[in-house]
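The values are calculated or read from the model by the stated rules, or taken from the named source; none is laboratory data. These figures come from a predicted structure and were not determined experimentally. Ideal geometry is used to build each Cβ from the backbone, glycine not excepted, and the neighbour counts take in all protein chains shown. For accessibility, only protein heavy atoms count, side chains too; no ligands or nucleic acids. Shrake-Rupley method; radii C 1.70, N 1.55, O 1.52, S 1.80 Å.
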Amino acid sequence: MKRKILIVGGGFAGLWTALGAARVVDLQGDKAADIEITLVSPRAALHVRPRLHEAHPEQMAVPFLPLLDSVGVKFIEGSVERIHPGDHSVDIALAAGGTTAVSYDRMVLTSGSRLFRPPLPGLAEHAFAVDQIDEAVKLRAHLEGLASQPDSAARNTFVVVGGGFTGLEVATELPDRLRAIFGDTMRPRIVVVERADAIGPDLGPGPRPQITEALEQLGIETRVGGGVVSFDARGVVTGTGERIDAATVIWTGGMVASALTAQVGPEVDRQGRLEVTPDLRVSGAKDIFGAGDVVRALTDDEGHYSLMSCQHALFMGRFAGHNVAADLLGLPTKAYRQEFYATCLDLGAWGAVYTEGWDRDVKLTHAEGKARKLLINTEWIYPPAPIREQALAAGNPEITYA
């Protein structure tokens, strides 16, 4: 009888979990010959969400079936609707139609996160987003369609709600995207609205001078100390009472974990993330591990916890994959550690700012920062080639780089 590992989710964490588990199975040879690894995801492609603010979001999907095939991981195209920890099974709505129940001996939850959308008046009806490829494509079509609309202040105004990492990348990319559509015939007004008292609140003071410089150079306005409180077809109203008429409003209001976390464990943080033990086992669920945006994991001995980022997701995936297979085989598991932490914020034509450490010490800016961002976005976070040796090596939790 097969011993089954089920991985729920095909994002960065899920894909690297599959590689990590397959590597252990390969290393154990005949001792693991009866282990079957299956990944279930709504689609057979990795969506590169960190790049969905760019001009061609439809190109940000990387098919991964050849990669899974190269390491002997099975695939189910569908969405897990219900997890039954008590009887070790899940209910899946298949992409082709119908439902099926799948059993497991060990499971890894890697179902990711979604854009937080609070019940603000008009948000659902009138704001664009770049959380998923279809949403980013919808925004692109809207931007291109503006060229056929009559010239007006509202047509030429773009409000980005949220001055965090995503909001800043969206806003600073807009000038070049609009120039490609309109040429030099339009002078766009771009406004970033942030409810905190400073732009980039989660990035801290380290890179703020560079962020401020970039926004000023690109002519981007900011509003801080009051978020948007309502949306309508003609624009927004901020918490300070200011009315901004705009034909384009883009919501970037943070992330929350997949709702599946509530079916696995009762202890979640304010973002819906599960508490896990050092080896990424879900607290109170001995046969379920977690990785990526669905868990809050200690990254080092200094008290820093993982963030909702591909940087942490793919590293955690390696450890979760190793540990779920090791646990099933009766081998020691490894404590997840990721002591190196860096950020690289794209700031459009200005360049990018690259920082290292949790205090975000600025290391590279402008063109040098942009070159590092390009390397990260086009190489480091992409899956390995579907060559068995390379794919298995990419699942090694001892790797200290992306």
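Out of the residues in the stretch 169-191 that are assigned to a loop (DSSP other than H, G, I, E, B), in contact (Cβ under 8 Å) with a residue 24 or more places away in the chain and out of contact with any Phe, Trp or Tyr (no Cβ under 7 Å at 6 or more places or on another chain), which is surrounded by the most Cβ atoms within 10 Å (Cβ to Cβ)?
Among those that are assigned to a loop (DSSP other than H, G, I, E, B), in contact (Cβ under 8 Å) with a residue 24 or more places away in the chain and out of contact with any Phe, Trp or Tyr (no Cβ under 7 Å at 6 or more places or on another chain), it is M186.
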- Message: Take T212 and tell me if it is part of a loop (DSSP other than H, G, I, E, B), touching a residue at least 12 places away in the same chain (Cβ under 8 Å), open to solvent by 40 Å² or more (accessible area, probe 1.4 Å) and more than 27 Å from Q132 (Cβ to Cβ).
- Response: no
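Considering only the stretch 37-52, I want to know if a residue exists there that is of a type in the set (G, A, S), crowded, with 22+ Cβ neighbours inside 10 Å, outside any loop (DSSP other than H, G, I, E, B) and touching a Gly at 6+ places or on another chain (Cβ under 9 Å).
Yes; the residues of the stretch 37-52 include at least one that is of a type in the set (G, A, S), crowded, with 22+ Cβ neighbours inside 10 Å, outside any loop (DSSP other than H, G, I, E, B) and touching a Gly at 6+ places or on another chain (Cβ under 9 Å).
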- Query: Looking at this structure, is L374 surrounded by fewer than 20 Cβ atoms within 10 Å (Cβ to Cβ), part of a loop (DSSP other than H, G, I, E, B), hydrophobic (A, V, I, L, M, F, W, C) and modelled with pLDDT of 95 or more?
  - Reply: no
- Task: Could you check the stretch 56-160 for strands (runs of 3 or more DSSP E) lying wholly inside it with 1 or more residues that are open to solvent by 30 Å² or more (accessible area, probe 1.4 Å), in contact (Cβ under 8 Å) with a residue 24 or more places away in the chain and of a type in the set (D, E, K, R)?
- Result: 74-84, 106-109, 113-115
- Item | Tally of residues being over 29 Å from A180 (Cβ atoms) and either in contact with an Asp or Glu (Cβ under 7 Å, 6 or more places away or on another chain) or open to solvent by less than 50 Å² (accessible area, probe 1.4 Å) (or both) across the stretch 328-354 | 11
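Search the stretch 197-208 for residues being in a loop (DSSP other than H, G, I, E, B) and within 22 Å of the chain's Cα centre (by Cα), and hand back the single one that is farthest from G227 (Cα to Cα). Before the answer, list the steps.
Step one: of the stretch 197-208, the residues in a loop (DSSP other than H, G, I, E, B) are 197-200, 204-207.
Right, trim to within 22 Å of the chain's Cα centre (by Cα) and you get 199-200, 204, 207.
Values: I199: 12, G200: 13, G204: 19, P207: 22 Å.
Of everything passing the filter in the stretch 197-208, P207 is farthest from G227 (Cα to Cα).
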- Would you mention how many residues in the stretch 192-217 are touching a Phe, Trp or Tyr at 6+ places or on another chain (Cβ under 6 Å) and either at positive phi or of a type in the set (A, V, I, L, M) (or both)? 1
- F128 vs. criteria over 22 Å from A342 (Cβ atoms), touching a strand residue (DSSP E or B) at 6+ places or on another chain (Cβ under 7 Å) and at pLDDT 95 or above: yes
- Message: Tally up the residues in the stretch 175-205 that are touching a helix residue (DSSP H, G or I) at 6+ places or on another chain (Cβ under 9 Å), of a type in the set (A, V, I, L, M) and more than 19 Å from D245 (Cβ to Cβ), please.
- Response: 5
- Query: Could you say whether any residue in the stretch 10-30 is part of a strand (DSSP E or B), modelled with pLDDT of 95 or more and either under 27 Å from R388 (Cα atoms) or within 26 Å of the chain's Cα centre (by Cα) (or both)?
  - Reply: no
- Pick from the stretch 252-291, criterion touching a Ser or Thr at 6+ places or on another chain (Cβ under 7 Å) and among the aliphatic types (A, V, I, L, M), ranking: farthest from V130 (Cα to Cα): V276
- Message: So in the stretch 377-402, with the set limited to residues that are touching a Lys or Arg at 6+ places or on another chain (Cβ under 6 Å) and not polar (S, T, N, Q), which one is surrounded by the fewest Cβ atoms within 10 Å (Cβ to Cβ)?
- Response: L392
- Query: Which of the residues belonging to the stretch 359-371 are in contact with a Ser or Thr (Cβ under 9 Å, 6 or more places away or on another chain) and in a loop (DSSP other than H, G, I, E, B)?
  - Reply: R360
- When P332 is run through (1) touching a residue at least 24 places away in the same chain (Cβ under 8 Å); (2) within 30 Å of G29 (Cβ to Cβ), the failure sits at (1)
- Select from the stretch 38-55 the residues that are in contact (Cβ under 8 Å) with a residue 60 or more places away in the chain and more than 14 Å from the chain's Cα centre (by Cα) and write down the one among them that is farthest from F165 (Cα to Cα). T38
- Scope the stretch 277-312; condition outside any loop (DSSP other than H, G, I, E, B), in contact (Cβ under 8 Å) with a residue 60 or more places away in the chain and open to solvent by 10 Å² or more (accessible area, probe 1.4 Å); matching residues: D293, C310, Q311
- Task: Please state which one of A291, A352 is at pLDDT 95 or above, closer than 27 Å to L52 by Cα and in contact with a Cys (Cβ under 9 Å, 6 or more places away or on another chain).
- Result: A352
